[in-house]
Amino acid sequence: MGLFDIFRKKKNNVEPESTTNSESLSESQFETLSQSNSETTTSSALTQPVMEQVGLVDEREADEWSKALDKKSEAIHDLPESESESESESESESESESESESESESESESESEDEIERNEQQVYDEGLKKSRTGFAERFNRFLANFRTVDEDFFEDLEETLVGADVGFDMAIKISDELREEVKLANAKRKEDVRDVIIKKMVDLYEADGVNEDTQMHFAPNGSTTVILFVGVNGVGKTTTIGKLASKYQQAGKSVLLAAADTFRAGATKQLQEWGERANVPVVAGKEKADPASVVFEAVAKARDEHYDILFVDTAGRLQNNVNLMQELEKMKRIIQREIPDAPHEVLLVLDATTGQNALQQAKLFKDSSDVTGIVLTKMDGTAKGGIVFAIRNEMHLPVKWIGFGEKASDLREFKPEEFVYGLFKELVS
């Protein structure tokens with residue numbers, strides 16, 4: 001099932017009305033009630049003297065017959081049940097309880113999975129509200145001028161897409177693909193035009209992501225996983241490290257942090273505060289110390305004390321790109337000298353509010369370091385969600401994490417189907 005098909009399914013998914021409290025009786029309930037009525041009728045007939053039923057005795061004699069039968073009935077009920085009947089009933093009750101518990105557990109698991117999915121959708125819906133609103137406004141302005149599919153139509157479309165931060169290359173690619181689209185050529189209504197354009201966007205986004213590795217990679221059991229975080233100052237590297245440290249620590253992993261951004265004022269203190277909050281130790285050096293020395297100390301500690309994960313914070317000084325990249329290379333050499341297959345991830349942190357500037361930063365770091373994935377922060381505070389399309393189209397780098405707020409729980413694993421649904425759900429009919 002394609003990404004657009006998943007989007008359609010999510011949009012059209014309407015839960016059936018519950019019929020558990022229906023007033024009508026089920027077949028089993030009807031049979032049970034019928035048996036109960038039958039037993040009551042039989043019991044009533046047995047306790048009524050036969051001669052009274054046919055009118056052969058008077059009322060006094062009938063009372064005497066009734067008392068005698070009641071005594072006989074009590075005596076019968078007082079007789080002990082046989083062991084086999086008792087065991088049979090006990091086994092039946094036990095089987096019934098077991099089946100009931102099994103059904104209850106199954107229903108509980110299903111409800112839990114549905115709840116998790118709903119919560120994930122809700123987080124994406126709320127976090128993408130500004131992007132969804134901004135995208136819708138641009139599209140509605142574009143469609144308001146729609147008369148026919150001609151050259152002016154495609155020029156206006158390209159301008160709209162560039163304005164939505166999907167990137168110039170992606171805008172041209174979408175426009176060129178749509179020129180060959182028969183459905184668009186035959187479209188008469190604005191709604192049809194809109195649906196065709198968005199489907200094409202989603203299809204191209206999905207095609208660009210074929211063979212994309214979105215998984216986080218970890219060292220084999222017993223070894224330390226080293227994850228290096230890169231990016232310019234102010235994008236949220238330190239905060240992202242703190243949030244991930246909290247997540248993995250809560251998941252039962254032993255986590256160590258390395259404060260290797262020794263040049264930015266307050267960077268080490270900020271990371272230490274996150275460490276205290278998550279109950280995670282931090283390796284830090286003196287202010288202006290060589291970042292490589294901090295990394296060496298942290299890697300040695302993580303390896304010798306068998307930490308599961310080491311997160312390394314780094315500096316991000318754009319005004320001195322050459323020195324910054326040389327510094328990152330030095331860190332990687334030190335890490336690999338101690339742990340040959342590390343770093344296992346190099347995550348580039350980008351600020352979504354910067355739009356196309358984030359794309360330029362991605363190009364800079366990809367050319368000079370082995371970036372394995374992207375963390376996109378501050379998505380809830382921007383209308384530039386289209387940058388996700390540009391990153392995949394131009395960089396072919398997977399977005400692995402996306403941030404929707406300040407809390408640790410607001411940093412989520414990136415899920416393309418939730419992103420597409422959250423961005424376009426109010427646009428496609």
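Brief remarks on what is shown
- Near-label residues of the stretch 358-384 by backbone N, under 19 Å of a point 7 Å along Cα→Cβ of Q336: 365-373
- For the set R147, R194, the ranking by accessible area, highest first and with no ligand, DNA or RNA atoms included, is R147, R194 under a 1.4 Å probe.
- Over 31 Å (Cα to Cα) - which of K130/K363; K253/K400; K188/K400; K301/K415 fall in this group: K188/K400; K301/K415
- Taking amide H positions as modeled 1.01 Å from N, with prolines and chain starts lacking one, the residues under 5 Å from T225 and 5 or more places away or on another chain are A219, I309, L310.
- Summarising the amide proton neighbourhood of L411: residues at separation of 5 or more, or on other chains, whose placed amide H is nearer than 5 Å comprise F404.
- Calculated FRET value between S223 and K301, using beta carbons and R₀ = 22 Å, to 0.05: 0.90
- The phi-based Karplus calculation (6.51 cos²θ - 1.76 cosθ + 1.60; θ = phi - 60°) puts the 3J(HN,Hα) values of the stretch 184-197 at 5, 4, 8, 6, 10, 8, 4, 5, 5, 4, 4, 4, 5, 5 Hz, whole numbers, x for Gly and Pro.
- Alpha-carbon centroid distance for the pair the stretch 203-227 / the stretch 283-299, whole angstrom: 28 Å
- Positive contributions from Lys and Arg (+1) and negative ones from Asp and Glu (-1), summed over other residues with Cβ under 15 Å from the Cβ of D304, come out at -1.
- Here the stretch 331-390 has 46 percent of its accessible surface on carbon and sulfur atoms, given a 1.4 Å probe and all protein chains in place.
- Net charge of Cβ neighbours under 10 Å - reference T224; Lys, Arg +1; Asp, Glu -1: -2
- The slack between D370 and D150, meaning 0.36 nm per residue of separation minus the straight C-alpha distance, is 74.8 nm.
- Global form of the stretch 208-359, assessed from the alpha-carbon gyration tensor, a/c cut-off 1.5: rounded
- Largest accessible area first, the residues F419, F414 order themselves as F414, F419 under a 1.4 Å probe with ligands, DNA and RNA left out.
- Protection proxy ranking for 275-281, 370-376, using the average of other Cβ atoms within 10 Å per residue and placing the highest first: 370-376, 275-281.
- Taking label positions 7 Å along the Cα-Cβ direction at both R189 and E158, the computed distance is 3.0 nm, reported to one decimal.
- Heavy-atom accessible area, probed at 1.4 angstrom with all protein chains present, ranks H396, H344 as H396, H344, highest first.
- Apportionment of accessible area to carbon and sulfur, the stretch 204-246, percent (1.4 Å): 44 percent
- Subtracting the Cα-Cα distance of N279 and V210 from 0.36 nm times their residue separation leaves 21.0 nm of extension gain.
- Working note: Karplus 6.51/-1.76/1.60 with θ = phi - 60° gives the stretch 263-271 the couplings 9, 7, 4, x, 5, 5, 4, 4, 5 Hz, where Gly and Pro are set to x.
The values are calculated or read from the model by the stated rules, or taken from the named source; none is laboratory data. Here the structure is a predicted model, which means the values were calculated and not measured. Glycine gets a Cβ as well: all are built from the backbone with ideal geometry, and neighbour counts include every protein chain shown. Surface areas here come from the heavy atoms of the whole protein model, side chains and all, with no ligands, DNA or RNA. Shrake-Rupley method; radii C 1.70, N 1.55, O 1.52, S 1.80 Å.
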